[in-house]
Structure formats: C-alpha cells, structure tokens
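Engineer: For reference, the structure I am asking about is given below.
Values quoted throughout were computed directly from the atomic coordinates according to the rules given, and no laboratory measurement underlies them. All values derive from a computational prediction rather than experimental measurement. Virtual Cβ from ideal backbone geometry, glycine too; neighbours counted across all protein chains shown.
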Amino acid sequence: MLNQQMNAHIAEAAAFIREKTALSPEIGLIMGSGLGVLGDHLEEPVVNPYHDIPHFPISTVEGHAGELLIGRLSGRIVVLMRGRFHMYEGYGPELTAFPVRVMKALGVRALLVTNAAGGINLDFASGNLMLISDHINLTGRNPLIGPNDDSLGVRFPDMSEAYSKRLREVAKEIASMQGFALKEGVYAGLLGPSYETPAEIRMLRTLGADAVGMSTVAEVIAARHSGIEVVGISCITNMASGILDQPLSHEEVMETAERVKSRFLGLVTSLISKM
Ligand code: HPA
C-alpha cells in the first residue's frame, strides 16, 4: 500500500476510536486464541467491533472475537484487541500490523502481545506460560517492506531487544511472587495455517526455537519500528507436532487456553500495572 494512503487509513481509524471515548490509552494488549477473556475485566469498556472501525480488517478465526476495547485495567488506560489478524487469513503483513499502527497513533507506548503456541522445548508441557525472550520470523514477510515512512520509524529498525529486558524481569518477579514457574524462550513465527510436520519441529528446535505459532512477529516488528516497548507471553496450548503420539487440533488449543485462564489473568493483570 502507498504510504500516504496507509497513513490516512491509520489516522481515520484512530480518529474514529477517539470519538468513541475520552480515554487515551497508553498500553496496548493483543490477545491470542482463547485469551480474549482479559477483555471481560476492563472497567467501563468501550467496545468497537472491528467491522465498525474504518480500514480495520475483520478476524475470521474461531476463538477470536473481533473487537477493540478501550477501558481501564490495573489502574491503566488500555486498548485491547480481542482477536487479531493473521497472515494465513490472507492479510498482508502490513494489514496484520495495522492495529499496532493505530495504537501508536492513539498514544500507546507499551504493548503486551499474547498468543497460543506449540511447545518445542521438551522441558515444556501443555498449559505452561512462556515469556517470549526473542522471536524468529520465519514467515518470509515483513510489515516494513516498501518505502519507509520516516514519521513512523527508521528504515532499518534495531531488533536486538525486541522484547523488553525490563518488562521480562518484571514478569519473572510477578510469576515468582504468584508461585508458578514461568518458562522463557524463543518464539518461532510461521505462516500456517497447517500445523507443522514433525520434521519441521525438529528443524525449529535445531534453529533455537522453544515454541511455535502463527502470529505475533509482524505486530512486534511494527511496534519496535515505532518505538513501542514490547512484552510477550505464549500460552503453550499443546506440545508441537511429533512430540506426543497424537494429532493437533484447534479444539485442544482452545481447551488449554481455557484451563490456564486464571493463572494467565493473574500474571497479565499484575504485569499491566507495571508497564
Ligand atoms: N503450531 C503452530 N501454531 C500453534 C500451535 C502449534 O503447535 N499451537 C497453537 N498455535
């Protein structure tokens, strides 16, 4: 998309949202498959269905509601995406990252991304939460391709601390206070939508990945490009293909996300208060 056109779309989407609420969000939250429950905890939320927001794509996946909420949570003003856009739905990376651009335009300075992911690290188990220390973008795509808009960020953004060290330390402290083992590791982002083969999972393990999923990387690249601090949490909803002698399914992903809901909520609500 031409930059000018993209900028106009960002501005129109942000203007629409600003008209709906006097609250000015400083923290962005992107909730993955089955994790949108956090949205139920917002105080006095203003709910914007994606199809009402100019230029917003519409999420087509079961378990992703498709609403942008603005409200208060843990004493902060937040903008929460219940449901996100994946490249496997047919959206380009710049559209997948579009909501992050809109968040930036609304004044967001820190972003929490969450996702459902398959566990590659053999020390993991289904139901674990994993703090994302780094990612490997294996989608072959990047939301920054095309002419750079210098008003958004630099041409070649640094990714050496894509996931904030400070916020990772905070998350680890919270988990230890809450008495559970928070795993930490590298998230490999693939296009999907087919799950991986066992051979692909062995390859990903060799490459240094601890978990695998089909989201997050484009959003985080766009966030870092525009100077937003990022923290990421994966819910290990299943062990990746070939590790256990059983097929993978979206139902299992949703069931596990439901099972870890309260631990997930405890961690993220505390984390938000420190962001
Ligand atoms: N692979 C890719 N994406 C996923 C998985 C998986 O095993 N689980 C949840 N999202």
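Engineer: What list of whole percents do you get for P(r) of segment 130-204, with Cα-Cα distances grouped in 10 Å bins up to the one holding the largest distance?
Structural biologist: Distribution as computed: 15, 33, 31, 19, 2 percent.
Engineer: Please get the size of the charge dipole for the chain, origin at its Cα centre, with Cβ charges of +1 on Lys and Arg and -1 on Asp and Glu, quoted in debye to the nearest 20. Walk me through the numbers on the way to the answer.
Structural biologist: On the way: 23 positive and 30 negative charges, 122 e Å.
Around 580 debye, computed over the chain.
Engineer: To test your reading of the geometry: what angle, between 0 and 90 degrees and rounded to tens, separates the Cα axis of helix 3-20 from the longest principal axis of the chain?
Structural biologist: For 3-20 against the chain, the angle is about 90 degrees.
Engineer: While we're looking at this one, here's another question. Considering the Cα trace of segment 158-246, what is its radius of gyration and what is Dmax, both in angstroms?
Structural biologist: Just the Cα atoms of segment 158-246 yield Rg and Dmax of 14.7, 43 Å.
Engineer: For the peptides 80-90, 38-48, what is the packing order when you average, over each peptide's residues, the other Cβ atoms within 10 Å and list the highest mean first?
Structural biologist: Values: 80-90: 22.5, 38-48: 16.2.
Going by the mean number of other Cβ atoms within 10 Å, highest first, we get 80-90, 38-48.
Engineer: Can you pull a Stokes-Einstein diffusion coefficient for the chain at 20 °C (1.002 mPa s), Rh from Kirkwood over Cα pairs, as a whole number of µm²/s?
Structural biologist: Working: Rh = 18.6 Å.
The calculation lands on 115 µm²/s.
Engineer: What lysines sit close enough to Lys274 to cross-link, taking a C-alpha to C-alpha distance under 25 Å and skipping anything fewer than 8 places away on the same chain?
Structural biologist: Output for Lys274: Lys104, Lys165, Lys172, Lys183, Lys261.
Engineer: Turning to a different aspect of this structure: Using 10 Å bins from zero, what percent of all Cα-Cα pairs in segment 1-56 falls into each bin?
Structural biologist: 19, 46, 30, 6
Engineer: Report P(r) for segment 27-106: all Cα-Cα distances, bin width 5 Å, range 0 to the bin holding the largest distance, values in whole percent.
Structural biologist: Result returned by the calculation: 3, 17, 28, 27, 17, 6, 2, 0.
Engineer: Order 210-216, 247-253 from most to least packed using the mean count of other Cβ atoms within 10 Å. Don't skip to the answer; put the middle values down first.
Structural biologist: Values: 210-216: 26.4, 247-253: 14.9.
Result, highest mean Cβ count within 10 Å first: 210-216, 247-253.
Engineer: While we're here: May I ask you to order 230-238, 188-196 by the average number of other C-beta atoms within 10 Å around their residues, highest value first? Don't skip to the end; give the middle numbers.
Structural biologist: Numbers: 230-238: 26.1, 188-196: 19.0.
Top to bottom by mean Cβ count within 10 Å: 230-238, 188-196.
Engineer: Using θ = phi - 60° and the Karplus curve 6.51 cos²θ - 1.76 cosθ + 1.60, what whole-Hz ³J(HN,Hα) does each residue of segment 246-262 get, with Gly and Pro shown as x?
Structural biologist: With coefficients 6.51, -1.76 and 1.60, one gets 7, x, 9, 8, 5, 4, 4, 4, 5, 5, 5, 4, 5, 5, 9, 3, 6 Hz.
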